[in-house]
Each structure stands twice: as structure tokens, then as C-alpha cells.
1. Can you give the extra length, in nm with one decimal, that the chain gains between residue 217 and residue 78 once fully stretched, where that is 0.36 nm per residue apart less the Cα-Cα distance?
2. Take the chain, connect every pair of alpha-carbon atoms lying under 10 Å apart with a spring to form a Gaussian network, then pick out the residue of 79, 137, 206 with the largest mean-square fluctuation.
3. Within 9 Å, Cβ to Cβ, of residue 218, how many net charges do the neighbouring residues add up to if Lys/Arg are +1 and Asp/Glu are -1?
4. In the neighborhood of residue 231, defined by Cβ-to-Cβ distances under 14 Å, what is the net charge if each Lys or Arg adds +1 and each Asp or Glu adds -1?
5. Kindly write out, for region 226-233 in residue order, the coupling ³J(HN,Hα) from the Karplus curve 6.51 cos²θ - 1.76 cosθ + 1.60 (θ = phi - 60°), rounded to whole Hz, with x marking Gly and Pro.
6. GNM, the chain, Cα, under 10 Å: largest mean-square fluctuation among 158, 64, 89?
7. Relative contact order of region 133-208: what whole-number percent is it, with Cα pairs under 8 angstrom and at least 6 residues apart?
8. With each pseudo-label sitting 7 Å past Cα toward Cβ, what's the residue 175-residue 153 distance in nm, one decimal?
Amino acid sequence: MSGIAIKMAKGQKQIAISEFFEKNKHFLGFDTLQRSIITAVKEAVDNSLDACEEARILPDIIVKITKVDMKRDILELQSQDNGPGIPQKSIEKVFGQLLFGSRFHAIRQSRGQQGIGITGVVMYGQLTTGKPTHVISKIASESTAAVVDIGIDTRKNKAIKSNQDRMIWEDDDGSIIEHGLKVITRMKGKYQKGRQSVFQYLRMTSIVNPHASITFTDPEGETFHWPRVSEKLPTKV
């Protein structure tokens, strides 16, 4: 699939990246409102799992979906992990430039099919709501977390940064978060239950990743937790 995206992108160099995205949403997983929220969660969680595994950290992943505007089908997705975080200078490249066939944490793409990663989520959110994506990133070697809103210049395929800051990042219980990443984005989407759902994707992800702890709060406010059942990280390949 990533090879198809690369080939298509090469043939679309003269048009805006937003136009390319719109024309190829069916390849990228954003062709319906129901599928879009699942794709967004998948990209965020897959990236978190990859980042934690590369840093040899047992993943703690938190996903929350909130209904913002029911009449316009606007949802807010929050995804947080305890991975190594992203250095401030790298955030704009990670979230604000649509790259095909690669992910931001590794040269190899170990999960997923689309190969556009979390930037596709930033793009979709911007195209459907006009809002940037809010990013909080903390690396262990720094005392504060980087905070920034990221949008995409759809003509130049580069990041638009706003509201940059640094802050002490605390968990809900007041403890200091040493390292990790939190991404908050608003997008058009419809949350549904059943076989093809965010809940089902996260449940299956927990089964095939027994070393991960995954917590999910759905739009009705119900929280589900799939605890870690193994302390053994997958072997690096």
C-alpha cells in the first residue's frame, strides 16, 4: 500500500497536498466518517507502540474520544503514551509534513498499511474542522514538556506552528510525567460500536500486544482497560 501511495504522490507534485489527500482518501483510510476515526486511532496507537518498543519501554497507552459537536459530527481524539517523546525541534517534521512510506520513529515501518502516519490525522483534522492538532511532548533529558499547535501548509507541505510553549507536565494524580507524548485533534467522524469499531480495534491490539496496557474512554464516558499481561517486550528485528 505504501508503494501505491509513493507512486501516486510522485504523479501529483504540481497540486496541493490537500488536493492529493482529498482525491485519495479511500487509500488512506479517511473515506467515511466511521472509518476515519478508526484510522486516526490506529495511526496514533501504532506509532505509540512502535516508539515504546524502540525505546524498550513497556507501553502505557490512553485513548479518549469525546463528542464536540453532534450536529456536525465533530469528535475530539486524545491519545497519550509513555514513550520516549519527540524533541521539540523534530515535532514540526513529525506532525506537519506528509511523508509517504515511512513513519517518524523508525526507518522501517513496522505497523500499519498507509505509511503516512500521524501526519495524515493532522491533515484530516485540519481539512474537516479547520483546527490544528495540539501536541505535548516530553523527553527524559529535559525538565519541561514542549507544547505546540501544529497545522499544515497544504501548498508547501510544511508545518504551521502556533502557541509554542514549555510546561511542567503532570498526570491527573499530580505526578510529574517524565517522558511521553500526547496528541489532541478534532475531526469529523462517527463513533460506532460493533465489529468495525475503535473498541474492537483496541481490544484486538491488546491481544496481539500483551506487553501493552491500553485504556480507552468512549464518547459516552465509559472507560475500558486492557491490562498488560506480559512484561516481555517483543524481540527487535
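What follows draws every value from the coordinates through simple rules; no lab data is involved. Keep in mind that this is a model prediction, so the values were computed, not measured. Please note: Cβ atoms are built from the backbone with ideal geometry, for glycine as well, and neighbour counts cover all protein chains shown.
1. 49.1 nm
2. 206
3. 0
4. Net of charged neighbours comes to +1.
5. Whole-Hz 3J(HN,Hα) from phi for region 226-233: 10, x, 5, 10, 9, 9, 9, 6.
6. Result: 89 has the largest fluctuation of those listed.
7. This gives 29 percent for region 133-208.
8. Once both label points are built, they end up 4.2 nm from each other.
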